[in-house]
1. I want to confirm something. Restricting to region 3-23 and keeping residues that are farther than 11 Å from Phe73 by Cβ and polar (S, T, N, Q), which single residue is surrounded by the most Cβ atoms within 10 Å (Cβ to Cβ)?
2. Mind listing whichever residues of region 55-66 are surrounded by 14 or more Cβ atoms within 10 Å (Cβ to Cβ) and either under 12 Å from the mean Cα position of the chain (by Cα) or not polar (S, T, N, Q) (or both)?
3. Given the conditions (1) at positive phi; (2) in contact with a Gly (Cβ under 6 Å, 6 or more places away or on another chain), which single one is not true for Ala56?
4. Taking region 67-84 on its own, how many of its residues are surrounded by 16 or more Cβ atoms within 10 Å (Cβ to Cβ) and out of contact with any Leu (no Cβ under 9 Å at 6 or more places or on another chain)?
5. Residues to consider are Ala61, Ala50, Ala69; find the one that is more than 14 Å from Leu24 (Cβ to Cβ), touching a helix residue (DSSP H, G or I) at 6+ places or on another chain (Cβ under 7 Å) and of a type in the set (Gly, Ala, Ser).
Amino acid sequence: MTSVAQQMHDKLSRVLSPSQLEVLDESAAHAGHAGSNGSDFGTHFRVRIASPLFTAKSRVAQHRLVYDALQEFIDRGVHALAIEIL
């Protein structure tokens with residue numbers, strides 16, 4: 001089975017054609033916090049991304065593109081998503 005981080009990476013690659021992309025599962029660092037599922041993975045992520053689709057868009061619009069691409073994961077239990085636009 002593919003990890004949630006890898007699935008997110010694959011989805012962002014397909015939708016946003018990034019020139020740089022890193023998806024990190026930081027769930028273990030949030031064990032016991034709100035939104036933790038007790039497994040230390042699959043709930044808290046950091047996305048570092050650069051994409052030509054972000055050109056001339058506001059930071060809010062750039063983040064919205066990422067959130068829209070990952071909505072299915074949020075619906076399935078991703079609790080926190082930190083986005084770093086590169």
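Since every read-out is calculated from the coordinates, none of them should be taken as a lab result. Just so you know, these numbers come straight off a predicted model, no measurement behind them. All Cβ positions, glycine included, derive from the backbone under ideal geometry; neighbour counts span all protein chains shown.
1. Looking at residues that are farther than 11 Å from Phe73 by Cβ and polar (S, T, N, Q), I get Ser13.
2. Within region 55-66, Lys57, His63, Leu65, Val66 qualify.
3. Evaluating Ala56 over (1) at positive phi; (2) in contact with a Gly (Cβ under 6 Å, 6 or more places away or on another chain) leaves (2) as the failure.
4. Of the residues in region 67-84, 3 are surrounded by 16 or more Cβ atoms within 10 Å (Cβ to Cβ) and out of contact with any Leu (no Cβ under 9 Å at 6 or more places or on another chain).
5. The match here is Ala69.
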